[in-house]
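Let me begin by presenting the structure, written as structure tokens, before commenting on it.
The values are calculated or read from the model by the stated rules, or taken from the named source; none is laboratory data. As the structure is a prediction and not an experimental result, all values here were calculated from the model. Please note: Cβ atoms are built from the backbone with ideal geometry, for glycine as well, and neighbour counts cover all protein chains shown. The protein model used for the area step is the full one, side chains on, heavy atoms only, and it has no ligands, DNA or RNA in it. Shrake-Rupley method; radii C 1.70, N 1.55, O 1.52, S 1.80 Å.
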Amino acid sequence: RSPAGMLLVAAGLLLAVAAGGRGSPAGEQESPPGSRFVCTSLPLDAAGTGCPLPPVPMQGGALPPEEELKATVLQLRETVLQQKETIGSQREAIRELTGKLSRCEGADGKSATGAWKNEVGKGKDTMGDLPRDPAQVIDQLSRTMQTLKDRLESLEHQLRANVSYAALPSDLREMLQRRLGDLERQLLSKVAELEDEKSLLHNETSAHRQKTETALNALLERVSELEKGNSAFKSPDEFKVSLPLRTNYLYGKIKKTLPELYAFTVCLWLRSSASPGIGTPFSYAVPGQANEIVLIEWGNNPIELLINDKVAQLPLFISDGKWHHICITWTTRDGMWEAFQDGEKLGTGENLAPWHPIKPGGVLILGQEQDTVGGRFDATQAFVGEMSQFNIWDRVLKAEDIMNIANCSINMPGNIIPWVDNNVDVFGGATKWPVETCEERLLDL
């Protein structure tokens, strides 16, 4: 038989089997279960007798069966090519996402490319809408890549079920290999680009963090300086205590106490703005005697020095609102005392608590008179103004030394109570401020 005849017979056999599988036409008796069809070859001249062949449907006209079979084969090949193109596009998307993922996971240390710098300068996001957090970027890309890989594997399984790769034409295989090679080269280029971008981002982040830490450290130092307030002076004795109001709660306190004394010298700078009377510049109280040592000007009375509650009036005049340097000496021998103002001796006397030693362990208060040890202040006896350089010695200073201290020729801190910042506490709104220089106080006289 001729090839055309064989093809015709085969087509007829296929169509007959298909028709039998779909069931009998309407009005015909169905074949009993278990029955089989038996087909035999017929000569060409007997095609019109015996078992008739079902008609073959024609598209767009009466095509021969062999042409329709060829069309069917071509259609299957077109389907295979479309599936291969779909696989190629899916692989390209997978490689692009894999490149971005690898660039996020790449090691640091490489310099940034100019393309990245241009992208950053323009404010573009090379990662599209991905999250800015690298961990989220990697996680999202990993999930996307896994999904695409699963889809690719499913398509490849379907393709293998339909047609084997070896059955593809040789030109198609070469084209696919070329495209795979191009995609691999693009993948390597994208990986290198992402590594450069990550390195640049890391460097910029480190520089920004260092700059921020420097600014924060400078701010912390400034805050620390402000918190110290007026407690930090160029020199520990260059400060003054300010008592601006006449109350019973503004005062300063000397941390150190006095030992037992048989003589002393007290010197200080004063500027009083109160009237009448300057109040109490300082007082020293011990248990059993609140007026062990007191310097006070109360109302219109003259300035008085109290030792063991005994009183001596001093010829001092300092209630003019200007700076004045005051020194008072005393010795238990015959109760001798001396009063100096601005370096000059203005008065002297005796029998002020003679042979009475100054008791130790008391409380020394600036600006208030004590009715009990360290308390019970009276606002009418409070000092209003400023004071500085409060020093106490355990001896009577020479008039020459007192003059040199008053005219700023020498600086002699007290050997019992020196004027230093960490030895003076203030309370109730009293404050410590930088003091004018000694020469500036002299100009105020």
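The lone criterion from (1) at pLDDT 80 or above; (2) of a type outside the set (S, T, N, Q); (3) open to solvent by 90 Å² or more (accessible area, probe 1.4 Å); (4) outside the structural domain of Ile417 (by the TED database) left unmet by Tyr249 is number (4).
Within segment 363-392, the residues that satisfy the criterion of being touching a strand residue (DSSP E or B) at 6+ places or on another chain (Cβ under 8 Å), hydrophobic (A, V, I, L, M, F, W, C) and surrounded by fewer than 22 Cβ atoms within 10 Å (Cβ to Cβ) are Val363, Val373, Val384. The residues on offer are Ser231, Ser189, Ser142, and the sole one that is open to solvent by 60 Å² or more (accessible area, probe 1.4 Å), modelled with pLDDT under 70 and touching a helix residue (DSSP H, G or I) at 6+ places or on another chain (Cβ under 9 Å) is Ser231.
Residue-wise test of (1) assigned to a loop (DSSP other than H, G, I, E, B); (2) in contact (Cβ under 8 Å) with a residue 12 or more places away in the chain; (3) touching a Gly at 6+ places or on another chain (Cβ under 9 Å); (4) open to solvent by 30 Å² or more (accessible area, probe 1.4 Å).
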{"residue": "Gly321", "(1), (2), (3), (4)": "yes, yes, yes, yes"}
{"residue": "Ile326", "(1), (2), (3), (4)": "no, yes, no, no"}
{"residue": "Trp337", "(1), (2), (3), (4)": "no, yes, yes, no"}
{"residue": "Asn351", "(1), (2), (3), (4)": "yes, yes, yes, yes"}
{"residue": "Trp355", "(1), (2), (3), (4)": "yes, yes, yes, yes"}
{"residue": "Gly361", "(1), (2), (3), (4)": "yes, yes, no, yes"}
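Residue pairs whose Cβ atoms lie under 9 Å apart, separated by 6 or more positions or on different chains, with the first residue in segment 258-278 and in the same structural domain as Ala406 (by the TED database) and of a type in the set (Gly, Ala, Ser) and the second surrounded by 22 or more Cβ atoms within 10 Å (Cβ to Cβ) and not in a strand (DSSP E or B), are Ser272/Ile278; Ser272/Phe383; Ala274/Phe383; Gly277/Gln381.
Check whether at least one residue in segment 382-392 is of a type in the set (S, T, N, Q) and on the phi > 0 side of the Ramachandran plot, and report yes or no. The answer is yes, given that some residue of segment 382-392 is of a type in the set (S, T, N, Q) and on the phi > 0 side of the Ramachandran plot.
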